[in-house]
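No value in this document is a laboratory result; all are computed from the given coordinates. This one's a predicted model, so the numbers in the text were calculated from it and none came from an experiment. When we count neighbours, we look across all protein chains shown, and the Cβ atoms used for this are built from the backbone with ideal geometry, even at glycine.
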Amino acid sequence: MKKLTFLPIAFLIALSVLLIDACSKKASSNPTPTTGATLYDSLGGTVLVTDPTHSGAMIEKGRLAIRNVIDSTIFVIAADSKINGHFTVLLAEVTKGDLSGFTDLSENLTTFVAGATGAKDYIYIGLNMTDAHNPATNPRMNGKATSADFDAFVNDLVAGANKNKVPANLINSIGKIVQTLRGQVVQK
């Protein structure tokens, strides 16, 4: 089993938890194309492919698909003046040329979502949703989220998924689940 430590970043954690919630609470309505298949399987599962960002390395196709959506969503959020103020620590690091926070965030969230969508060989350990979105318990979070912040995150998540050609039916299913976490994320 692969274990990764957690790098807390508010809204991106929400993405991961939402996908976990989708798989655990809504297993009977899982929108995968094959009966008995997990969402992870529908994203490519454990088939190994060449990792385009790590020369000579192989990666599970499902993990690569998840990482692509997460990375795209991080970039969309970074450019979104409606919510990027919540990520001043990460943005300051990247501006200085320090990509370690971005790399750790991408890796940790990819692991979290992979496990949540049915991957059998990844374990995620992290903060619960309330603590992840509270600056008192998450020093990388700059301010508590409002309902408008949550709406902006949902829009950015959809944009990140669209950049990776995620089918609309999966985006819609995940969107319904994302809404169930509004009360834990919105704290202001």
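Tabulated values for the structure
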| read-out | value |
| --- | --- |
| Residue order, fewest to most surrounding Cβ atoms within 10 angstrom, among Val154, Val47, Val186 | Val47, Val186, Val154 |
| Those trypsin sites (Lys or Arg not before Pro) in segment 77-185 that DSSP places in a loop and that have at most 11 other beta carbons within 10 Å | Lys96, Lys120, Lys165 |
| From phi via Karplus (6.51, -1.76, 1.60), per-residue ³J(HN,Hα) for segment 128-139 in Hz, x at Gly/Pro | 6, 4, 5, 5, 5, 9, 10, x, 5, 10, 9, x |
| Ile123 long-range amide H proximity, modeled H, under 5 Å | Lys2, Leu4 |
| Residue pairs, from the table Lys96/Lys144; Lys82/Lys144; Lys163/Lys188; Lys120/Lys165; Lys82/Lys188, whose Cα atoms sit over 20 Å apart | Lys96/Lys144; Lys163/Lys188; Lys120/Lys165 |
| Distance in nm between pseudo-label sites at Ser147 and Val186 (7 Å out along the Cβ direction from Cα) | 0.4 nm |
| Pair Ile171, Asp131: separation of 7 Å Cα→Cβ label points (nm) | 3.4 nm |
| Under 13 Å from the Cα of Lys61 - aspartates and glutamates, other chains or at least 8 residues apart | Asp41, Asp51 |
| Prolate/oblate/rounded label for segment 77-172 (Cα gyration tensor, a/c 1.5) | rounded |
